[in-house]
1. Let me spell it out: the conditions are (1) assigned by TED's automatic domain parsing to the domain that holds Trp239; (2) free of Cβ contacts under 8 Å to residues at least 40 places away in the same chain; (3) of a type outside the set (Ser, Thr, Tyr), and His286 meets all of them except one. Which number is the exception?
2. Can you confirm whether Val35 is surrounded by 20 or more Cβ atoms within 10 Å (Cβ to Cβ) and among the aliphatic types (A, V, I, L, M)?
3. So how many residues does segment 316-347 have that are surrounded by fewer than 16 Cβ atoms within 10 Å (Cβ to Cβ), aliphatic (A, V, I, L, M) and either modelled with pLDDT of 95 or more or under 22 Å from Leu284 (Cα atoms) (or both)?
4. From the set of residues in segment 197-241 that are outside any helix (DSSP H, G or I), surrounded by 15 or more Cβ atoms within 10 Å (Cβ to Cβ) and hydrophobic (A, V, I, L, M, F, W, C), which is modelled with the lowest pLDDT?
5. Of these, Phe77, Phe65, which one is farther than 18 Å from Tyr143 by Cβ, out of contact with any helix residue (DSSP H, G or I) (no Cβ under 6 Å at 6 or more places or on another chain) and not charged (D, E, K, R)?
6. Any residue in segment 28-47 that's among the small types (Gly, Ala, Ser): show its pairings with residues that are in a helix (DSSP H, G or I) at Cβ separation under 7 Å, as long as the two are six or more apart or on different chains.
Amino acid sequence: MSKRPKSPTDSEKYCFVISPIGKKGSDRYNKFKEVYDYIIKPAIENSGYTVRVIRADDIDRPGSFIKDILENLLNSFVVIADLTEQSPNVFYELGVRHSLSPRTILIAQSVDDIPSDLREYRTITYENSPKGVKDFSDRLRNYFQEIFQEPERPDSPVLDRLGSIIENKTHQLQDQVVGLKEQLDNILRKGPSTKTAQREEMVRDRMQRIFKLKNATNKSLSLDTSVTFGEGENAEDIWLTREQGNFDLYLLYTQEKILEFWYVSIVTGDVHLQKELADIRVLLDHCLDKRDIEFKFIIATNEDLSTKKHNTQKAFSRILHFIPNKHRSRFILEIWDKDGLLEQEKSLGLKVDV
C-alpha cells in the first residue's frame with residue numbers, strides 16, 4: 001500500500017470506508033466485501049472525482065492495525081461509514097471520525113440501521129440490485145459534489161455542537177466576570193453616588209423572566225432535537241437545529257401544545273448585527289424543509305439599537321430573497337433592544353409605571 005496523505009489538502013485524496021468486516025472467509029466478510037467491491041468502490045471511482053478508496057482489510061503492512069485505522073480516520077479526505085447491522089466497530093470508528101474531521105457520509109441497507117440522532121446528516125440507503133447500485137452511485141456523486149464545493153462544512157453532531165457549547169460556556173463566564181466587576185465596583189465606590197447608582201440588569205436575567213412567563217423551553221439544553229406532529233401511524237418526527245452561533249432554539253408551550261418556535265440570540269456585549277444575520281441565514285437553510293413551521297428570530301440586548309433597527313430589517317428582507325418565495329412568510333425577525341425589552345416586560349407585567 002502506498003503512503004497515505006498527511007492532510008485533506010494533499011494532491012492525492014483518500015476515501016476510507018468503514019464497514020462491518022468479520023473474519024476473512026466468513027459469510028459476513030464475503031457479504032460486506034461484495035458491497036465494497038461492487039457497490040461502494042465503483043461508485044467512488046465513477047464519481048468524477050479523483051479519490052483513492054481503501055478499506056481496513058486493504059491495509060497490508062506490519063505494525064499496529066488500530067493505529068493504521070486511526071490514521072486513516074484522521075487523514076482521509078472523505079470517510080464513508082456503512083451502518084448496516086449496527087456493527088460496534090463501525091460506530092466506534094465513526095465516533096472517532098466525527099470528533100476529528102468533517103466530510104463523513106453515512107450509508108446503510110435500511111434506515112432502521114441509522115440511529116435517530118444521526119438521520120439529519122448525509123445518509124444514503126442502498127440496495128444490492130442493479131437499480132440500487134445505480135441509485136447509490138448517483139446519490140454518492142451528488143454528495144461528493146457538495147463536499148468538494150464546501151469541504152469544511154460541519155456534518156457531525158460533534159462538530160455541529162462543540163463550537164456553540166464552547167461559545168455558550170464563554171458567554172456564561174463573561175457574564176460572571178461582568179457581575180463580579182460590578183460587585184467590586186460597588187464595594188470600592190464611596191459617597192452619596194453609591195446610593196443613586198443603579199446596576200443595569202443583565203440581559204440574560206431579563207430574558208429568563210420573559211421565558212418563564214411565556215413558558216418557553218430552551219431546546220439547546222436538551223438531548224431531544226425533534227418535534228412530533230400527528231398521532232399513531234400519522235406521527236412524524238421533525239428534526240430541528242438546536243443552536244447556531246449565539247442563537248438557541250426555544251419552544252413556547254401551552255398544555256403540551258407548541259405555540260411558537262423561537263431562535264433567540266442573547267447578546268451581553270457589543271452587538272455585531274452582521275454576524276447575527278449570517279447565523280440567521282444558516283438557520284433559514286436548516287428550517288426550509290421543516291413542514292410549514294413558522295420561526296421567529298429574536299436578537300435581545302440591553303443596547304439602544306433604535307438607529308439600526310430599520311436597516312437591519314431591510315437586510316433581513318434581502319436575506320429572505322435567497323430562499324424560495326413560498327417559504328418567506330414563515331420567518332420574521334424581532335429586535336428586542338433597550339426599548340424593545342422594556343416593551344416586552346411591560347406587556348407581561350414585569351415592569352409597570354410608578
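1. So the condition that His286 fails would be (2).
2. The answer is yes for Val35.
3. 1
4. So the residue we want is Val227.
5. Phe65
6. Ala43/Phe136; Ala43/Ser137; Ala43/Leu140; Ser47/Leu140; Ser47/Arg141; Ser47/Phe144
Yes/no matrix, rows are residues, columns are (1) at pLDDT below 90; (2) touching a Gly at 6+ places or on another chain (Cβ under 6 Å); (3) not in a helix (DSSP H, G or I); (4) not aromatic (Phe, Trp, Tyr):
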{"position": "Gly25", "(1), (2), (3), (4)": "yes, no, yes, yes"}
{"position": "Glu34", "(1), (2), (3), (4)": "no, no, no, yes"}
{"position": "Asp37", "(1), (2), (3), (4)": "no, no, no, yes"}
{"position": "Ile40", "(1), (2), (3), (4)": "no, no, no, yes"}
{"position": "Ile44", "(1), (2), (3), (4)": "no, no, no, yes"}
{"position": "Val53", "(1), (2), (3), (4)": "no, no, yes, yes"}
{"position": "Asp57", "(1), (2), (3), (4)": "yes, no, no, yes"}
{"position": "Arg61", "(1), (2), (3), (4)": "yes, no, yes, yes"}
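The values are calculated or read from the model by the stated rules, or taken from the named source; none is laboratory data. Note that the coordinates shown come from a computational prediction; the quantities given were computed from them, not determined experimentally. In this analysis, Cβ positions are derived from the backbone assuming ideal geometry, glycine residues included, and neighbour counts consider all displayed protein chains.
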